[in-house]
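Below is one structure, written out as structure tokens; comments come after it.
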Amino acid sequence: MSWFQLDPQSVVARAQATGQTVRIAGVGASLLHGIIGFTLLSVAGFAPWAVAGRWFHRNIGEGGLYGTCALVFIGLSGPLLHRLILGPGSLMRFYKLFGIAFAAYSILWIAGWMTLRGHPGSVVGLLAGTAAMGWILAIAFDAPGRTTKIVAALFVLNSIGYFAGGWIEGGVAGVKQLSLFGSVWTKPAQIMLAKLLWGVSYGIGLGAGLGIAFYLCQTETRAALCEIKPNAV
């Protein structure tokens, strides 16, 4: 039995017990769901830093700021991403699984970043964080044989989104005078926009990684659900 009854046998048993129609998302749908859902989540998660970063630094420190952002990510994740899990009863199971996985990811990323700083800290933090997240997802879905592929997808796509976002943030923040939508932006507003754009890029990257990771985790589950049609479509 896997964590939170996410193994194929448990998912099939729930589907048969409830009689609900189970929609089986393909890789494209899972990828799109991950990108859209996690990008929205990422903008919200980056908001404490973008909107009130100085206040957080002054009152609860850098670690407190990152911890607050992580809580926003976890707290809002369920409504936006729980359908990445196949079968009925996905919302609370997603909250439990993602809460553990993203907490582990966040702790390791923060440790890597605060220890080494700069690009080395970011790379070490991202690698350690996505490795932990990928392992947790694989074990939870009883798919340990796919751990390497899951971690690779998470690390590569997350890194692309993260570093592209940093480049975008630096470019937008560094513009001497930003003019958008027919108006000149104040410097604080410009910096806030730059940080939120980093959130968008990060969200696209890790969202794509999550979409692929959840798809890989549930390969056997999809096959098992297809055998109980017409309840699976």
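Descriptive notes on the structure:
- Only one item in [x] 114; [y] 142; [z] 122 matches volume of the Cα convex hull per residue in Å³ derived from the coordinates shown, and that item is [z].
- Calculated log₁₀ intensity ratio I(q)/I(0) where the Debye formula runs over C-alpha points of segment 50-184, q = 0.11, 0.15, 0.19 Å⁻¹: -0.51, -0.88, -1.21
- The local environment of L216, defined by Cβ-Cβ distances under 9 Å, has a net charge of +2 under the rule Lys, Arg +1 and Asp, Glu -1.
- Helix 187-217 axis, angle to the chain major axis (alpha carbon atoms, nearest 10°): 20 degrees
- Computed from point charges on the beta carbon alone (+1 for Lys and Arg, -1 for Asp and Glu), the dipole magnitude for segment 3-226 about its Cα centre is near 300 Debye.
- With a Cα cut-off of under 27 Å and a minimum spacing of 8 residues unless on different chains, the lysine pairs in the chain number 4.
- In segment 160-232, the ratio of gyration radius to Kirkwood radius, Rg to Rh, stands at 1.35 when only Cα atoms are counted.
- Net charge of Cβ neighbours under 10 Å - reference W3; Lys, Arg +1; Asp, Glu -1: 0
- Net lengthening on full extension, N59/H119 (0.36 nm per residue, minus Cα-Cα): 19.0 nm
- Contact order, relative form, for segment 3-226: 33 percent (alpha carbon pairs under 8 Å, 6 or more residues apart, mean separation divided by residue count).
- Between the Cα long axis of helix 147-174 and the first principal axis of the chain there is an angle of about 20°, rounded to the nearest 10.
- One chain, two ends: I139 and I168. Fully extended at 0.36 nm per residue, the span grows by 6.9 nm beyond their Cα-Cα distance.
Taken together, the values in this text are just the output of simple stated rules run on the coordinates, not laboratory data. Owing to the predicted nature of the structure, the values given are computational and were not obtained by experimental measurement. Quick reminder, even Gly has a Cβ in these numbers, built from the backbone with ideal geometry, and neighbours come from all protein chains shown.
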